[in-house]
Amino acid sequence: MNDIYVYTIIAQQGNTPIHLAGNNDTYSAARPLADKPPSLGRETTLIAAQAHELTALLLKPVSIAQRQDMGLFVGTRFGSLEDDRMFQKSRLADSGKFASPAAFRRTLPSTVPAELSIAFGIRGPLITFADSATPAMIAIIRAYHWIATGGITAAVAGSFDFLLSGDTVSPATAPMCRTLLCLMATREAFDELNPWAAITQGAIEATSQSAGKTPAAPDETDFTEIITAMTASNLPTLNLHRQSGNGNTCRLVLRVGKQEY
Amino acid sequence: MWEKLTTQAITAALPPLEQRHDCGLILATTKGDMQPVETWLNADGQEHRSSAPPLLSDNLNKLAQRFGFGGPKMVVSTACSSGLTAIIEAAMLVQTGQAKQMLVCAADIANGFIQDGFNALKAISKTRCRPFDRQRDGLALGSAAAACLVTSSDHPRHAASGPSLLLEGWGISCDATHLTAPDREASGLMRAVHSAIAGVDSRSIDAVILHGTGTPYNDAMEAFAMCRLFAHRPYLTAAKGFLGHTLGASGVMETDLAAWMLHQRVVPAITGLEDPQWPELNFVRQATVATDLKRILKTASGFGGLNAAILVSMAKPAGR
């Protein structure tokens, strides 16, 4: 399998500074999530706004023409649970007379990625995966295989989630959105850009442990692990190895450093 | 209902016990089992609400544990194209050697949440589902689970398996135009089809099982694509007039239908179609015996402008 290159990884949780690894270091400012892009419509959730903003930064050096055949691979833990709550509230009021069509159309785990495809003109394959522990790694591994087998030459891959605090989804938890995305491609796809790392291996493997282990802590996913790896850029090789919530082991091996290319 | 339907579907396609340690599982669904989700949502703000919200991946874990799948396990959720997308993902996992075989289970239940949502969108027919008819006014929802087993062509097939299909090609694309309305010029669907039939003479495609929801815009988009793509006018059929729209399950159900069609050499009629809006296309209004049926294209489209297509033909019998 050919190496596939990661040009940029961008991530943010809540209003913390944006983490970025790649050849463009200009995106360090934290931004409030209160301002939703008007193009996303009034029903847009904060997680969609965050995903929108990070994708805009990620795709800054990528032309509209280059986005035409790009893929979009996104993992999620909670999917559309926040939007489900909004629609449920509307349909239970007044015997369902006011069930909101605008809320209903957002009640899919694929809604946020679909909005990104619309906003940024990404027209290749779009696939959403649900996993309780490794949503980002599954998406990145699948993007790796789609590119490596020649189905596409470039992709945006990662995860998004609206974090639930305890048992409530409330305005107080609204800033707790978490998005991690990376720009991946063959070396030829973006010859004007310098890659940050190369993915040399990626696999979703069966594990001897049984499936069904749902992490107890709300934030126990691969997000933190990937951020840690991003910031440890003095290491020439990163081995990400983590058990997914679905009873798999996700394995990603990255070779980091511009000198490699 | 979720448990019963998914168990029945998986059981029908299940490989023997000795093969399950290297068989993976993909669950394709738009919403999964909504009953625990609704219970959780309805307890919003109440003290007895459980702390852990139900996750879509919980559905997969329960099925994987019950049947003992040892290979890779994933949940794919791409609206109404989920079923076909899952078949494509399964094929790629097998093709790249990450699994020897993958069972795809596609399921969705049209509960009150879903029905109220489609009602709010005014997408449900007031009379009956009439795909591609001038008088069509919407879809009819259905609940279903369907399953299929994806293996490499040299993998031994077990005796209980039904007619097998050869997956010749596939494609997935986005319209990138609107969350619920399809691209009127069908550019996304046509790109998915072009990928699926790449390297094949398009005139060799004998039939197409369309998504055919019976909604005005979806059917118009698909008819536009068929006019542009296939000058030789293959048989066009659709199943949602008699099966209902089973959302994430529909892609696998209708792929199973393709296997039946190739095995029986019959193209079923489009239930509900009386007055085709596009008479220039070859919509099947009466079940047709087609002895020369060899290749079938199956398409699906969903919210978010997501499209998927697969090209299938009859696989050679095992042992040849």
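When A:127, A:140 are checked against the criterion of being within 12 Å of the chain's Cα centre (by Cα), within 28 Å of residue A:66 (Cβ to Cβ), at the interface with chain B (Cβ under 7 Å from one of its Cβ atoms) and buried (at least 24 other Cβ atoms within 10 Å of the Cβ), a single residue qualifies: A:127. If you check B:202, B:187, B:153, B:173 for being in contact with a strand residue (DSSP E or B) (Cβ under 6 Å, 6 or more places away or on another chain) and among the polar types (S, T, N, Q), only one passes: B:173. Remark: residue B:92 matches the filter, which requires a residue to be free of Cβ contacts under 8 Å to residues at least 40 places away in the same chain and either in a strand (DSSP E or B) or in the same structural domain as residue B:37 (by TED's automatic domain parsing) (or both).
Please verify whether residue B:24 is more than 22 Å from the chain's Cα centre (by Cα) and within 8 Å of chain A (Cβ to nearest Cβ), treating the condition exactly as stated. In short, no.
Scanning segment B:184-192 turns up one or more residues that are away from chain A (no Cβ under 14 Å) and not polar (S, T, N, Q).
The set of residues from segment A:70-100 being open to solvent by 30 Å² or more (accessible area, probe 1.4 Å), among the hydroxyl-bearing types (Ser, Thr, Tyr) and either under 29 Å from residue A:125 (Cα atoms) or within 8 Å of another protein chain (Cβ to nearest Cβ) (or both) is empty.
Just checking, which of B:195, B:153 is at pLDDT below 95 and among the hydroxyl-bearing types (Ser, Thr, Tyr)? Selected residue: B:153, the only one of B:195, B:153 that is at pLDDT below 95 and among the hydroxyl-bearing types (Ser, Thr, Tyr).
Candidates are the residues of segment B:278-320 that are open to solvent by 10 Å² or more (accessible area, probe 1.4 Å) and among the charged types (D, E, K, R); the one that is farthest from residue B:108 (Cα to Cα) is B:320.
Could we say that residue B:248 is small (Gly, Ala, Ser), open to solvent by less than 20 Å² (accessible area, probe 1.4 Å) and part of a helix (DSSP H, G or I) here? Judged against the criteria, residue B:248 is a match. Can you tell me which residue is nearest to the chain's Cα centre (by Cα) among those in segment B:95-129 that are under 19 Å from residue B:9 (Cα atoms) and part of a strand (DSSP E or B)? Restricting to residues being under 19 Å from residue B:9 (Cα atoms) and part of a strand (DSSP E or B), the top hit is B:106. Going by what's in this entry, would residue B:238 be described as crowded, with 24+ Cβ neighbours inside 10 Å, out of contact with any Asp or Glu (no Cβ under 6 Å at 6 or more places or on another chain), within 14 Å of another protein chain (Cβ to nearest Cβ) and touching a residue at least 60 places away in the same chain (Cβ under 8 Å)? Against the criterion (crowded, with 24+ Cβ neighbours inside 10 Å, out of contact with any Asp or Glu (no Cβ under 6 Å at 6 or more places or on another chain), within 14 Å of another protein chain (Cβ to nearest Cβ) and touching a residue at least 60 places away in the same chain (Cβ under 8 Å)), residue B:238 does not qualify.
The values are calculated or read from the model by the stated rules, or taken from the named source; none is laboratory data. Computed from a predicted model, the values in this text were never measured in an experiment. All Cβ positions, glycine included, derive from the backbone under ideal geometry; neighbour counts span all protein chains shown. Side chains included, ligands, DNA and RNA excluded: accessible areas come from the protein's heavy atoms. Shrake-Rupley method; radii C 1.70, N 1.55, O 1.52, S 1.80 Å.
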